Amino acid sequence: MLIRDQFSLGAMVLIIAAIAAPAAAESPQPPAAPAPAGMQLYDRLVGEWMKKWNVPGGQIAVARGGRLVLVRSYGWANAEARTPVKSDSRFRIASVSKPITAVAILRLVEAGRLDLDATAFELLPQFPLSEAPGGDPRLARITLRQLLTHTAGWDRDKTFDPMFIPFKAAQALRVPPPADAATIIRYMLRQPLDFEPGQKYVYSNFGYCLLGRVIEQATGKSYAEAVRELVLEPCGARSLGLGRTRLSERSPREVRYYAQPASERTRSVFPDAQEQVAEPDGGFYLEALDAHGGWIGTAPDLLRFATSLDGSRQPALLKPETLALMTARPAAPVSQAGTTHYGLGWMIRYPEKDKDADWQQSTWWHTGSLPGTAALLVRTNKGLSWAALFNSRPPYAKLKQFAAELDRLMWKAAEEVKEWPEDDLFEQDK
């Protein structure tokens, strides 16, 4: 089964930029221990794919029936120092951050602290629409549900992605760069919407930036602290945290990121930087991306999140009726065509020709991409889930093929397994 929809392939791109990576392709450093019997195909397919696309390091994990059955680490966490990727190496997960933010919102909805049909800016008094010169009156009608489903009215292809204009937004608001999330929001309140809220699906990083601020306002805590309490601590995903832009400020177990081509440099978002930098090391301001693309973590911990979400591992993060809501197709006039849709934080596919299928029979996934980062998280309707994280990606023109091949190899490797291990690696890593 191949995820072919336009979002799953196109959303591997958060920004269109020239990026840098190691100059010459080489076979990735193999895992230290052999794969479990019957699962060796993962190593072969992932290794071939990494070599083809010049990806220095990666990490995958697979769960079945709520049990972690495979963790594999490939290649280099730091190619220059020849430091291998390990099972606890942390990677940026880019837009795989969105399901985490969405589940935090849904947990607050279940607790009666938020309403999906509440208007977003009524919940954000720190961003008064009345004080935004030239603001679009339609902003006042945007709901939390529309932010979650990317139907709120912003179209980055028609205008721009506000999450990647750290100098422009700061200059307009007369604050020092790089622009943080609050500065970007104030800047966007002065801009017109691109379409009527609720009319169609158009992927929007900015909408999830707003959801991060809604979480802060509803809980009285920082976004990171609130998400940790609402989502990460209950499911035991201890490695997940917000990443940092500067190399000197990153997690001790975090990998290096490699852009392609390696020779290209860009202006740093930090005005005190004396030299140009590789795109992953300051070409964008990761801290401002928090709620839509700022998390780091391990593949096993992403599966702790996914398996707790669908209830295959207890405690379940959401009630069954909330999962049905999360996986439902947005109402018309949003397009009802096609076999896939964006629900509340996930791409969703229900079985074709099965009108009575419930949420358990749906497959969910999200991709993530930044310069130097590729991520994939999938929950299938066959009792399997997997996560895959890598520290490079090709230039924009090749991203669609790159993403499709990664998706295809993960499905192929899973389909070839005849007998799954009985051990639960989650239990060995508490």
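The values are calculated or read from the model by the stated rules, or taken from the named source; none is laboratory data. Source: prediction; values computed, not measured. We place every Cβ from the backbone using ideal geometry, glycine too, and count neighbours over all the protein chains shown.
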Exactly one condition in (1) over 17 Å from the mean Cα position of the chain (by Cα); (2) of a type outside the set (F, W, Y); (3) within 22 Å of E80 (Cα to Cα) is false for R267; which is it?
(3)
When you scan region 160-177, do you find a residue that is in contact with an Asp or Glu (Cβ under 7 Å, 6 or more places away or on another chain) and either within 28 Å of A337 (Cβ to Cβ) or not aromatic (F, W, Y) (or both), even just one?
no
Considering only region 23-69, state which residues are surrounded by 21 or more Cβ atoms within 10 Å (Cβ to Cβ) and part of a strand (DSSP E or B).
G57, G58, Q59, I60, A61, V62, A63, R64, L68, V69
Is there a residue in region 401-412 that is closer than 29 Å to M50 by Cα, surrounded by 21 or more Cβ atoms within 10 Å (Cβ to Cβ), touching a residue at least 40 places away in the same chain (Cβ under 8 Å) and among the acidic types (D, E)?
yes
Provide a single number: the residues in region 218-267 that are in contact with a helix residue (DSSP H, G or I) (Cβ under 9 Å, 6 or more places away or on another chain), part of a helix (DSSP H, G or I) and buried (at least 16 other Cβ atoms within 10 Å of the Cβ).
11
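Quick grid of which residues meet (1) modelled with pLDDT under 95; (2) of a type outside the set (S, T, Y); (3) touching a Gly at 6+ places or on another chain (Cβ under 6 Å):
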site	(1), (2), (3)
R228	no, yes, no
R238	no, yes, no
A262	yes, yes, no
L286	no, yes, yes
Six or more apart or on different chains, Cβ atoms under 9 Å: show the pairs whose first residue is in region 213-236 and under 20 Å from P128 (Cα atoms) and free of Cβ contacts under 8 Å to residues at least 60 places away in the same chain and whose second is in a helix (DSSP H, G or I) and of a type in the set (F, W, Y).
E216/Y223
Please work out if L399 is hydrophobic (A, V, I, L, M, F, W, C), under 25 Å from R329 (Cβ atoms) and not in a loop (DSSP other than H, G, I, E, B).
no
What helices (runs of 4 or more DSSP H) lie completely within region 282-370 and have 3 or more residues being surrounded by 16 or more Cβ atoms within 10 Å (Cβ to Cβ), touching a residue at least 24 places away in the same chain (Cβ under 8 Å) and on the phi > 0 side of the Ramachandran plot?
none
Farther than 24 Å from L289 by Cβ and in contact with a His (Cβ under 9 Å, 6 or more places away or on another chain): is that true of R408 in this structure?
no
Candidate set from region 303-339 (those that are of a type in the set (S, T, Y) and over 30 Å from G236 (Cβ atoms)); member that is nearest to the chain's Cα centre (by Cα)
T339
Sort out which residues of region 74-100 are among the polar types (S, T, N, Q), surrounded by fewer than 24 Cβ atoms within 10 Å (Cβ to Cβ), in contact (Cβ under 8 Å) with a residue 12 or more places away in the chain and not in a loop (DSSP other than H, G, I, E, B), and write them in order of number.
N78
